Amino acid sequence: MADDIAVIDNAPESRYEAHAEGRRAGLLDYRRRPGRISLIHTEVEAELGGRGIGTRLVVTALDEAREKRLSV
């Protein structure tokens, strides 16, 4: 995975966003309920595919779920 990929939790939009090359490169939509999170949909800009952006989104979401003790 490239080190230049930053992932943020955009909670008001219920999605994680990956940023690379100065723009949004991908997203992971989720739904939170008490004690759990459902990961709904991931997409990556086609021209940025193959750089590990989708993987970074999922790993970040799972790491944060583990830290917050949420079921996935």
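The values are calculated or read from the model by the stated rules, or taken from the named source; none is laboratory data. Computed from a predicted structure; not experimentally measured. Cβ: placed from backbone, ideal geometry, glycine included. Neighbour counts: every protein chain shown. Just so you know, the surface numbers come from the protein's heavy atoms only, side chains and all, with ligands and any DNA or RNA stripped out. Shrake-Rupley method; radii C 1.70, N 1.55, O 1.52, S 1.80 Å.
For first residues located in the stretch 47-72 and open to solvent by less than 50 Å² (accessible area, probe 1.4 Å), partners that are charged (D, E, K, R) and lie 6+ apart or on another chain with Cβ distances below 6 Å form the pairs Leu70/Arg36.
Can you tell me how many residues within the stretch 7-23 are in a strand (DSSP E or B) and either among the aromatic types (Phe, Trp, Tyr) or at pLDDT 95 or above (or both)?
Start the filter on the stretch 7-23 by keeping residues that are in a strand (DSSP E or B), which leaves 7-10, 15-20, 23.
Pick out the ones that are also either among the aromatic types (Phe, Trp, Tyr) or at pLDDT 95 or above (or both) and you get 7-10, 15-19.
Number of matching residues: 9.
Residue count for the stretch 24-57, restricted to those that are of a type outside the set (A, V, I, L, M, F, W, C) and assigned to a helix (DSSP H, G or I): 4.
On the stretch given as the stretch 19-35, residues that are farther than 15 Å from Ala6 by Cβ and surrounded by fewer than 13 Cβ atoms within 10 Å (Cβ to Cβ) total 4. Reported count of residues in the stretch 42-72, each being of a type outside the set (S, T, N, Q) and in contact with a helix residue (DSSP H, G or I) (Cβ under 6 Å, 6 or more places away or on another chain), is 2.
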